[in-house]
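Colleague: Supplied in C-alpha coordinates, the structure appears directly below.
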Amino acid sequence: MPGGSLAGKTAIVTGSSKGIGYSIAEALARADANVVINARNGSEVQRAAERLDALGTGHVAAVPGDMRSYDDVRRMIEAAQDLGGLDILVNNAGVGGFAPIDQLSLEQWDNIIGTNLTGVFYACREAVPRMRQRGGGWIINIGSLAGKNPFAGGAAYNASKFGLLGFSEAMMLDVREHGIRVCCVMPGSVNTYFNDKDPSPENAWMIQPGDIARIVMDLLAFPENALPSRIEVRPTRPGRR
Ligand SMILES: NC(=O)c1ccc[n+]([C@@H]2O[C@H](COP(=O)([O-])OP(=O)(O)OC[C@H]3O[C@@H](n4cnc5c(N)ncnc54)[C@H](OP(=O)(O)O)[C@@H]3O)[C@@H](O)[C@H]2O)c1
(Lines give C-alpha, C1' and ligand atoms only; values in the text may rest on other atoms or scores of the structure.)
Protein backbone atom coordinates (compact mmCIF):
# COMPACT_ATOMS: atom_id res chain seq x y z
CA MET A 1 0.00 0.00 0.00
CA PRO A 2 1.61 3.32 -0.95
CA GLY A 3 2.11 5.44 2.18
CA GLY A 4 1.31 9.11 2.31
CA SER A 5 -0.87 9.37 -0.78
CA LEU A 6 -3.97 10.34 1.25
CA ALA A 7 -2.22 12.74 3.62
CA GLY A 8 -4.57 15.58 4.52
CA LYS A 9 -7.69 13.69 3.37
CA THR A 10 -10.39 12.77 5.88
CA ALA A 11 -12.38 9.55 5.85
CA ILE A 12 -15.24 8.06 7.81
CA VAL A 13 -15.49 4.27 7.96
CA THR A 14 -18.71 3.11 9.60
CA GLY A 15 -18.60 -0.16 11.52
CA SER A 16 -14.81 -0.02 11.75
CA SER A 17 -14.11 -1.53 15.18
CA LYS A 18 -13.49 -4.92 13.52
CA GLY A 19 -13.92 -7.01 10.37
CA ILE A 20 -13.89 -5.38 6.94
CA GLY A 21 -14.34 -1.86 8.32
CA TYR A 22 -11.28 -2.18 10.57
CA SER A 23 -9.12 -3.34 7.66
CA ILE A 24 -10.29 -0.43 5.51
CA ALA A 25 -9.62 2.03 8.35
CA GLU A 26 -6.18 0.45 8.84
CA ALA A 27 -5.27 0.90 5.17
CA LEU A 28 -6.44 4.53 5.27
CA ALA A 29 -4.50 5.26 8.47
CA ARG A 30 -1.34 3.70 7.00
CA ALA A 31 -1.78 6.00 3.98
CA ASP A 32 -1.74 8.96 6.41
CA ALA A 33 -5.43 9.88 6.05
CA ASN A 34 -7.44 11.24 8.98
CA VAL A 35 -9.97 8.54 9.89
CA VAL A 36 -13.18 8.54 11.94
CA ILE A 37 -13.72 5.13 13.56
CA ASN A 38 -17.31 4.18 14.35
CA ALA A 39 -19.37 1.29 15.74
CA ARG A 40 -21.88 0.92 18.57
CA ASN A 41 -19.58 -0.64 21.18
CA GLY A 42 -17.70 2.38 22.57
CA SER A 43 -14.78 0.54 24.17
CA GLU A 44 -14.11 -1.46 20.98
CA VAL A 45 -14.19 1.79 18.97
CA GLN A 46 -11.74 3.40 21.41
CA ARG A 47 -9.35 0.42 21.30
CA ALA A 48 -9.42 0.28 17.50
CA ALA A 49 -8.79 4.04 17.22
CA GLU A 50 -5.82 3.84 19.62
CA ARG A 51 -4.23 1.00 17.62
CA LEU A 52 -4.76 2.79 14.30
CA ASP A 53 -3.59 6.21 15.46
CA ALA A 54 -0.02 4.90 15.70
CA LEU A 55 0.12 3.79 12.05
CA GLY A 56 0.32 7.04 10.11
CA THR A 57 0.64 10.79 10.35
CA GLY A 58 -3.12 11.49 10.18
CA HIS A 59 -5.48 11.80 13.16
CA VAL A 60 -7.73 8.92 14.11
CA ALA A 61 -10.92 9.88 15.98
CA ALA A 62 -13.14 7.48 17.92
CA VAL A 63 -16.81 8.33 17.41
CA PRO A 64 -19.04 5.58 18.79
CA GLY A 65 -22.58 5.64 17.43
CA ASP A 66 -25.43 3.70 15.94
CA MET A 67 -26.08 4.10 12.21
CA ARG A 68 -29.80 3.75 12.93
CA SER A 69 -29.73 7.08 14.79
CA TYR A 70 -29.73 10.24 12.67
CA ASP A 71 -28.23 12.20 15.58
CA ASP A 72 -25.36 9.72 15.92
CA VAL A 73 -24.68 9.91 12.19
CA ARG A 74 -24.56 13.71 12.33
CA ARG A 75 -22.04 13.59 15.20
CA MET A 76 -19.84 11.36 13.08
CA ILE A 77 -20.02 13.72 10.11
CA GLU A 78 -19.25 16.70 12.37
CA ALA A 79 -16.18 14.87 13.70
CA ALA A 80 -14.95 14.57 10.11
CA GLN A 81 -15.55 18.30 9.61
CA ASP A 82 -13.39 18.94 12.71
CA LEU A 83 -10.59 16.88 11.13
CA GLY A 84 -10.59 19.09 8.03
CA GLY A 85 -13.72 18.13 6.08
CA LEU A 86 -15.12 14.91 4.69
CA ASP A 87 -13.45 13.52 1.57
CA ILE A 88 -14.19 9.79 1.82
CA LEU A 89 -17.24 8.05 3.28
CA VAL A 90 -17.14 4.26 3.52
CA ASN A 91 -20.57 2.92 4.49
CA ASN A 92 -19.54 -0.45 5.83
CA ALA A 93 -21.55 -1.04 9.04
CA GLY A 94 -23.89 -3.93 8.50
CA VAL A 95 -25.61 -6.79 10.26
CA GLY A 96 -26.86 -10.22 9.19
CA GLY A 97 -29.95 -12.12 10.31
CA PHE A 98 -31.26 -15.10 8.42
CA ALA A 99 -34.61 -16.83 8.88
CA PRO A 100 -37.68 -17.79 6.86
CA ILE A 101 -40.16 -14.95 6.71
CA ASP A 102 -42.57 -16.39 9.31
CA GLN A 103 -39.69 -16.66 11.80
CA LEU A 104 -38.22 -13.23 11.14
CA SER A 105 -38.99 -10.92 14.07
CA LEU A 106 -39.99 -7.28 13.63
CA GLU A 107 -36.86 -6.32 15.58
CA GLN A 108 -34.61 -8.31 13.20
CA TRP A 109 -36.23 -6.67 10.17
CA ASP A 110 -35.88 -3.17 11.65
CA ASN A 111 -32.28 -3.80 12.68
CA ILE A 112 -31.19 -5.15 9.30
CA ILE A 113 -32.98 -2.57 7.15
CA GLY A 114 -32.18 0.25 9.62
CA THR A 115 -28.45 -0.50 9.70
CA ASN A 116 -27.73 -1.77 6.18
CA LEU A 117 -29.97 0.60 4.22
CA THR A 118 -31.51 3.50 6.17
CA GLY A 119 -28.23 4.22 8.01
CA VAL A 120 -26.46 4.54 4.65
CA PHE A 121 -29.11 7.01 3.50
CA TYR A 122 -28.62 9.04 6.70
CA ALA A 123 -24.85 9.23 6.21
CA CYS A 124 -25.07 10.08 2.50
CA ARG A 125 -27.74 12.72 3.10
CA GLU A 126 -25.34 14.51 5.46
CA ALA A 127 -22.19 13.84 3.42
CA VAL A 128 -23.27 14.85 -0.08
CA PRO A 129 -23.83 18.61 0.53
CA ARG A 130 -20.47 18.83 2.31
CA MET A 131 -18.66 16.99 -0.48
CA ARG A 132 -20.35 19.20 -3.07
CA GLN A 133 -19.03 22.25 -1.24
CA ARG A 134 -15.53 20.72 -1.29
CA GLY A 135 -15.77 19.99 -5.01
CA GLY A 136 -15.99 16.21 -4.79
CA GLY A 137 -15.33 13.07 -2.80
CA TRP A 138 -15.77 9.34 -2.64
CA ILE A 139 -18.68 7.35 -1.22
CA ILE A 140 -17.99 3.63 -1.10
CA ASN A 141 -20.86 1.41 0.00
CA ILE A 142 -20.09 -2.11 1.15
CA GLY A 143 -22.91 -4.12 -0.34
CA SER A 144 -22.90 -7.86 -0.92
CA LEU A 145 -23.44 -10.49 -3.59
CA ALA A 146 -26.65 -10.93 -1.56
CA GLY A 147 -27.60 -7.66 -3.27
CA LYS A 148 -28.13 -9.56 -6.53
CA ASN A 149 -28.49 -13.23 -5.53
CA PRO A 150 -31.54 -14.05 -3.38
CA PHE A 151 -31.39 -17.12 -1.11
CA ALA A 152 -33.76 -18.91 1.26
CA GLY A 153 -33.78 -17.28 4.70
CA GLY A 154 -32.36 -14.06 3.26
CA ALA A 155 -35.56 -11.98 2.90
CA ALA A 156 -34.41 -9.17 5.21
CA TYR A 157 -30.70 -9.28 4.35
CA ASN A 158 -31.35 -9.63 0.61
CA ALA A 159 -33.86 -6.76 0.77
CA SER A 160 -31.32 -4.55 2.54
CA LYS A 161 -28.51 -5.28 0.08
CA PHE A 162 -30.67 -5.23 -3.09
CA GLY A 163 -31.96 -1.90 -1.76
CA LEU A 164 -28.43 -0.66 -1.10
CA LEU A 165 -27.34 -1.44 -4.66
CA GLY A 166 -30.32 0.46 -6.08
CA PHE A 167 -29.74 3.34 -3.68
CA SER A 168 -26.03 3.44 -4.48
CA GLU A 169 -26.42 3.47 -8.25
CA ALA A 170 -29.26 6.02 -8.27
CA MET A 171 -27.27 8.31 -5.98
CA MET A 172 -24.21 7.86 -8.20
CA LEU A 173 -26.24 9.28 -11.11
CA ASP A 174 -27.37 12.22 -8.93
CA VAL A 175 -23.94 13.25 -7.69
CA ARG A 176 -21.25 12.29 -10.21
CA GLU A 177 -21.54 15.60 -12.06
CA HIS A 178 -20.42 17.27 -8.81
CA GLY A 179 -17.24 15.20 -8.67
CA ILE A 180 -18.62 12.80 -6.07
CA ARG A 181 -17.82 9.23 -7.08
CA VAL A 182 -19.98 6.43 -5.69
CA CYS A 183 -19.18 2.73 -5.82
CA CYS A 184 -20.96 -0.30 -4.40
CA VAL A 185 -18.47 -3.06 -3.52
CA MET A 186 -20.25 -6.43 -3.36
CA PRO A 187 -18.28 -9.21 -1.69
CA GLY A 188 -19.13 -12.87 -1.30
CA SER A 189 -18.01 -14.64 1.89
CA VAL A 190 -15.47 -12.65 3.93
CA ASN A 191 -13.61 -14.03 6.97
CA THR A 192 -14.94 -11.71 9.74
CA TYR A 193 -17.16 -11.61 12.84
CA PHE A 194 -20.26 -11.26 10.64
CA ASN A 195 -23.45 -12.88 11.93
CA ASP A 196 -21.90 -13.91 15.28
CA LYS A 197 -19.05 -15.89 13.72
CA ASP A 198 -15.34 -15.50 14.40
CA PRO A 199 -12.61 -15.10 11.81
CA SER A 200 -10.78 -18.42 11.52
CA PRO A 201 -7.67 -19.76 9.73
CA GLU A 202 -9.96 -22.52 8.43
CA ASN A 203 -11.59 -19.79 6.38
CA ALA A 204 -8.44 -18.99 4.43
CA TRP A 205 -10.41 -19.87 1.27
CA MET A 206 -12.69 -16.90 1.88
CA ILE A 207 -12.09 -13.31 0.85
CA GLN A 208 -10.03 -11.71 3.65
CA PRO A 209 -10.93 -8.26 5.06
CA GLY A 210 -7.62 -6.91 3.72
CA ASP A 211 -8.69 -7.87 0.19
CA ILE A 212 -11.67 -5.51 0.45
CA ALA A 213 -9.41 -2.80 1.92
CA ARG A 214 -7.17 -3.24 -1.11
CA ILE A 215 -10.12 -2.69 -3.44
CA VAL A 216 -11.07 0.47 -1.54
CA MET A 217 -7.52 1.82 -1.76
CA ASP A 218 -7.34 0.97 -5.48
CA LEU A 219 -10.63 2.83 -6.03
CA LEU A 220 -9.31 5.89 -4.23
CA ALA A 221 -6.25 5.85 -6.51
CA PHE A 222 -8.32 5.40 -9.69
CA PRO A 223 -7.98 8.06 -12.42
CA GLU A 224 -10.53 10.85 -11.96
CA ASN A 225 -12.14 10.58 -15.37
CA ALA A 226 -13.54 7.07 -14.85
CA LEU A 227 -15.78 5.61 -12.18
CA PRO A 228 -16.05 1.92 -11.35
CA SER A 229 -19.55 2.06 -9.82
CA ARG A 230 -20.15 -1.60 -8.95
CA ILE A 231 -17.53 -4.20 -8.02
CA GLU A 232 -18.38 -7.86 -7.40
CA VAL A 233 -15.82 -9.90 -5.43
CA ARG A 234 -15.74 -13.67 -5.03
CA PRO A 235 -13.45 -16.18 -3.34
CA THR A 236 -11.26 -17.58 -6.12
CA ARG A 237 -11.83 -21.15 -4.94
CA PRO A 238 -15.18 -21.62 -3.16
CA GLY A 239 -14.67 -23.62 0.04
CA ARG A 240 -16.77 -25.98 2.09
CA ARG A 241 -19.14 -24.42 4.62
N1 LIG B 1 -18.54 -11.14 6.14
C2 LIG B 1 -19.14 -11.41 4.99
O3 LIG B 1 -19.18 -12.56 4.53
C4 LIG B 1 -19.74 -10.29 4.18
C5 LIG B 1 -20.05 -10.54 2.84
C6 LIG B 1 -20.60 -9.53 2.06
C7 LIG B 1 -20.84 -8.29 2.62
N8 LIG B 1 -20.55 -8.06 3.93
C9 LIG B 1 -20.85 -6.74 4.47
O10 LIG B 1 -19.65 -6.16 4.96
C11 LIG B 1 -19.96 -5.20 5.96
C12 LIG B 1 -19.06 -5.42 7.17
O13 LIG B 1 -19.32 -6.69 7.71
P14 LIG B 1 -18.22 -7.60 8.44
O15 LIG B 1 -18.23 -8.89 7.75
O16 LIG B 1 -16.96 -6.86 8.59
O17 LIG B 1 -18.96 -7.79 9.86
P18 LIG B 1 -18.40 -7.70 11.37
O19 LIG B 1 -17.06 -8.32 11.48
O20 LIG B 1 -19.54 -8.24 12.17
O21 LIG B 1 -18.27 -6.12 11.63
C22 LIG B 1 -19.41 -5.29 11.59
C23 LIG B 1 -19.05 -3.92 12.14
O24 LIG B 1 -20.21 -3.07 12.03
C25 LIG B 1 -20.53 -2.52 13.34
N26 LIG B 1 -21.98 -2.29 13.40
C27 LIG B 1 -22.99 -3.18 13.36
N28 LIG B 1 -24.17 -2.57 13.47
C29 LIG B 1 -23.91 -1.22 13.58
C30 LIG B 1 -24.72 -0.07 13.73
N31 LIG B 1 -26.07 -0.13 13.81
N32 LIG B 1 -24.12 1.14 13.79
C33 LIG B 1 -22.76 1.24 13.72
N34 LIG B 1 -21.96 0.18 13.59
C35 LIG B 1 -22.52 -1.04 13.52
C36 LIG B 1 -19.98 -3.58 14.31
O37 LIG B 1 -19.70 -3.08 15.62
P38 LIG B 1 -20.86 -2.96 16.79
O39 LIG B 1 -21.56 -4.28 16.83
O40 LIG B 1 -20.12 -2.60 18.03
O41 LIG B 1 -21.78 -1.87 16.34
C42 LIG B 1 -18.67 -3.93 13.60
O43 LIG B 1 -17.70 -2.94 13.83
C44 LIG B 1 -21.46 -5.36 6.24
O45 LIG B 1 -22.17 -4.34 5.57
C46 LIG B 1 -21.79 -6.72 5.65
O47 LIG B 1 -23.14 -6.80 5.26
C48 LIG B 1 -19.99 -9.03 4.72
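The values are calculated or read from the model by the stated rules, or taken from the named source; none is laboratory data. Keep in mind that what you see is a predicted model, and the values were worked out from it rather than measured. Don't worry about glycine lacking a Cβ; one is built from the backbone with ideal geometry, like all the others, and counts go over all protein chains shown.
Colleague: Quick one: which residue in CYS184, CYS124 is under 17 Å from ILE88 (Cα atoms), under 16 Å from the mean Cα position of the chain (by Cα) and away from the ligand (no atom under 12 Å from the Cβ)?
Modeller: Only one candidate passes the filter, namely CYS124.
Colleague: Take the residues in the range 117-138 that are within 20 Å of GLU224 (Cα to Cα) and in contact with a strand residue (DSSP E or B) (Cβ under 6 Å, 6 or more places away or on another chain), then tell me which one is surrounded by the fewest Cβ atoms within 10 Å (Cβ to Cβ).
Modeller: So, considering only residues that are within 20 Å of GLU224 (Cα to Cα) and in contact with a strand residue (DSSP E or B) (Cβ under 6 Å, 6 or more places away or on another chain), the one surrounded by the fewest Cβ atoms within 10 Å (Cβ to Cβ) is GLY136.
Colleague: Between residues in the range 160-188 that are farther than 11 Å from SER229 by Cα and residues that are outside any helix (DSSP H, G or I) and among the hydroxyl-bearing types (Ser, Thr, Tyr), which pairs lie under 6 Å by C-beta distance while being six or more apart or on different chains?
Modeller: Close Cβ pairs satisfying both conditions: LYS161/SER144.
Colleague: Would you pick out the residues in the range 164-197 that are among the acidic types (Asp, Glu) and modelled with pLDDT of 95 or more?
Modeller: Once the filter is applied, which keeps residues that are among the acidic types (Asp, Glu) and modelled with pLDDT of 95 or more, the range 164-197 yields GLU169, ASP174, GLU177.
Colleague: Further question on the same structure: Spot the failing condition for ALA29; the list is (1) of a type outside the set (S, T, N, Q); (2) crowded, with 24+ Cβ neighbours inside 10 Å; (3) not in a helix (DSSP H, G or I), and only one is missed.
Modeller: Against the list (1) of a type outside the set (S, T, N, Q); (2) crowded, with 24+ Cβ neighbours inside 10 Å; (3) not in a helix (DSSP H, G or I), ALA29 comes up short only on (3).
Colleague: Among the residues of the range 41-50, is any loosely packed, with under 15 Cβ neighbours inside 10 Å and under 17 Å from the mean Cα position of the chain (by Cα)?
Modeller: Yes, the conditions are met somewhere in the range 41-50.
Colleague: Another question about this same structure. Can you tell me how many residues in the range 139-162 are away from the ligand (no atom under 12 Å from the Cβ) and either in a helix (DSSP H, G or I) or closer than 18 Å to TYR122 by Cβ (or both)?
Modeller: Of the residues in that region, 4 qualify.
Colleague: Here is a further query. Quick check on my filter: what residues within the range 14-30 are more than 7 Å from the ligand (Cβ to nearest atom) and either touching a Lys or Arg at 6+ places or on another chain (Cβ under 7 Å) or at positive phi (or both)?
Modeller: Residues satisfying the conditions do not exist here.
Colleague: Given ARG40, ARG47, ARG68, which one is touching an Asp or Glu at 6+ places or on another chain (Cβ under 7 Å) and either near the ligand (Cβ under 8 Å from one of its atoms) or over 16 Å from PRO209 (Cβ atoms) (or both)?
Modeller: ARG40
Colleague: Only residues that are under 16 Å from LYS18 (Cβ atoms) and out of contact with any Pro (no Cβ under 6 Å at 6 or more places or on another chain): list them for the range 197-210, please.
Modeller: LYS197, ASP198, PRO199, SER200, ASN203, GLN208, PRO209, GLY210
Colleague: Is there a residue in the range 83-101 that is part of a helix (DSSP H, G or I) and under 16 Å from the mean Cα position of the chain (by Cα)?
Modeller: No, the conditions are met nowhere in the range 83-101.
Colleague: Further question: Considering only the range 80-108, state which residues are at negative phi and within 14 Å of the ligand (Cβ to nearest atom).
Modeller: Within the range 80-108, LEU89, VAL90, ASN91, ASN92, ALA93, GLY94, VAL95, GLY96, PHE98, GLU107, GLN108 meet the criteria.
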